[in-house]
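Every number here is computed from the coordinates shown, using simple stated rules; none is lab data. Just so it is clear, the structure is predicted and the values come from calculations on it, not from any experiment. Cβ placement follows ideal geometry from the backbone for every residue including glycine, while neighbour counts extend to all protein chains displayed.
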């Protein structure tokens, strides 16, 4: 299976193109790394670079970029509208294909340690890689920026880095490394130079102040254009679509007598985000991603039949063939994850069709939110199909480790326990998500068109099957885990999840 990660390092240089060129050249020296995008902004004095490739290659490229930035960027001479604390300010790793967020966390931890070892730049971890809850959000870590942190870190132990000595690099500052989902960097420009208005709008729309979920925002002064900007990070575009952010900024701007003159994407944006926005504004009836030309071509080139009459069996057959093979994987855990994904997809279909009907117009907003929730759940559960297979393969590999000496036997036992824990955790997560889908389908029923009652019921049955099937896999792995606290905790959660779908916890007390 192909393994791809994306890395989006942000460098505190957006005015000197030759320096940015040199940083990118250092990263491109690593074989197997692809430069997807580069964006520089003079007002922000910041560049955002997007690279992708195999995990180890991308990690090495990021390290070389950090090293070159430390050579070329002096924060004691740096000014710009965007907050910063490092020459390389932030280095996030994002799973793309064949890797999970947990893999990116491990990669972030490895890169963070290596940055300190190679360049003596202290490291803070954020998002999924955060080692403290208060450091999940980047803005908490970057408070005070380079100048403020440089002073505070020496006298306040609470601001000490996660890796390295409690003092910043003299010119390169500190770097924040992490793992996260795909983030859309989205800026909306206002027809006013009044920075206070942009700051007030940003405060009103960001989640930390009671605004939109998955939205971070701040006001920025674009002096070169004599405009104020609302600079936004959208951390889950499927839960909070980009068009909802635009509309809320537009409404807030009207309160202050200003309007939007334009918006921009910094870096890359998933095609799905654009499709969702097009669907929303055009009010397309029965729209499917399969109607997008590029999607249809991509499916055809991959040997997958396009959806249409008589073609659906062809879409399912590769997975059916894989399950039917006389091999341990994919097995029951992957099938349970597929059942959950199908339940979520049915929910998305029902919510999507219902919101097109005039009779359900009163529920338009709620149905649109449900579409996004079901889509995100289906994607997460479809990813769990491969994750379950990979976790079981890890168990089998651990059992095959040598055990000819006491040391080897100890390492083998530890590897087995670690692999078993993962093999139990993945189906437990599947059961958790499938139980959420079961409840969400129940909430959908009074809002949906009556003609789709059977689709909701089938969806709930599939969600129930996903929960029960996943919990069977949890139970069988718990039988071999020696940590009593882990076993007790997982069995208790399994019982709660089974109760949510009205079933006893199958096998939970084995």
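Taking every DSSP beta bridge that has both ends in the chain, the antiparallel portion is near 85%.
Each peptide in 171-179, 214-222, 268-276, 5-13 was scored by the mean count of other Cβ atoms within 10 Å over its residues; highest first, the order is 171-179, 5-13, 214-222, 268-276. Per residue, the chain reaches -17000 deg cm²/dmol at 222 nm when only DSSP H runs of four or more residues are counted, each adding -39500 (n - 2.57). A simple spin-label model places the labels of residue 42 and residue 359 6.0 nm from each other, with each point 7 Å out along Cα-to-Cβ. Counting 0.36 nm for each residue step from residue 110 to residue 325 and taking away their Cα separation leaves a gain of 73.7 nm. By the Cα gyration tensor, the chain has an equivalent ellipsoid whose semi-axes, rounded to whole angstrom, run 39, 33, 21 from largest to smallest. If the chain linking residue 165 and residue 488 were pulled fully straight, counting 0.36 nm for each residue of separation and taking away their Cα-Cα distance, it would gain 112.3 nm. For the pair residue 79 and residue 407, a Förster radius of 51 Å applied to the C-beta separation gives a FRET efficiency near 0.35, rounded to the nearest 0.05. Put simply, when 187-200, 116-129 are sorted by average Cβ atoms within 10 angstrom per residue, most first, you get 116-129, 187-200.
Working from label points 7 Å from Cα in the Cα-to-Cβ sense, the residue 97 to residue 457 distance is 4.1 nm. Stretching the chain fully between residue 28 and residue 481 yields a gain of 158.7 nm (0.36 nm per residue, less the alpha carbon separation). On the beta carbon distance between residue 137 and residue 16, with R0 = 22 Å, the FRET formula returns roughly 0.15.
In the chain, Cα pairs under 8 Å separated by at least six residues give a relative contact order of 10 percent. Within segment 4-179, DSSP assigns beta bridges of which about 70% are antiparallel (rounded to the nearest 5).
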